[in-house]
1. For residue 15 and residue 118, FRET efficiency with R0 = 25 Å and r from the beta-carbon atoms, rounded to 0.05?
2. How far is helix 15-37 tilted off the main Cα axis of the chain, in degrees rounded to 10, range 0 to 90?
3. Pop the C-beta distance of residue 92 and residue 44 into the FRET formula with R0 = 30 Å and round what comes out to the nearest 0.05.
4. Roughly how tilted is helix 107-133, in degrees to the nearest 10 and between 0 and 90, from the longest Cα axis of the chain?
5. Between (i) 18.1, 56; (ii) 22.3, 81; (iii) 20.5, 61, which matches Rg and Dmax of the Cα atoms in Å calculated for the structure shown?
Amino acid sequence: KPQLWSLFDEPYSSNTAKMIGIASVFFICVSILSFCLKTHPDMRVPVIVNITVNTSHNTAAWTLDKTQTNAHVAFFYIECVCNAWFTLEILIRFVASPNKCDFIKASVNIIDYIATLSFYIDLILQRYASHLEN
């Protein structure tokens, strides 16, 4: 456990720990970049809705409504991969921590819990909302 703890909590303890630290920073940067880019209009996909428009002589015409947009699906997968890393990292650090109570109470770790849990809560709420719509 002490070696595992050093790998994930002390990036200067070995070359492997440095690589894990670099991977962590990489996933943090990718996550932040993805979060920012998915709100940019060029990175969004229009929601196409067919609307029936009644016209004269009992005929109907169709028009497309593209006023709503969703983030491209690739951003969802990027978030999943990043949060899988964050979850794995938190779990390994917890299992390897010398003092579980201190680990749970540490302010840096509380920020990690909130950030990671917010992804899972959002995921559950989105799935629940789509289930209600169907």
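1. So the FRET efficiency works out to roughly 0.15.
2. It works out to around 20 degrees.
3. Plugging the Cβ-Cβ distance into 1/(1 + (r/R0)^6) gives 0.30.
4. Compared with the principal axis, the helix lies near 30 degrees.
5. Answer by label: (ii).
Read-outs throughout are calculated quantities, based only on the coordinates presented, and are distinct from any laboratory measurement. Predicted model only: the values in this text are computed from it and were never measured. Note that we place each Cβ from the backbone using ideal geometry, even for glycine, and neighbour counts take in every protein chain shown.
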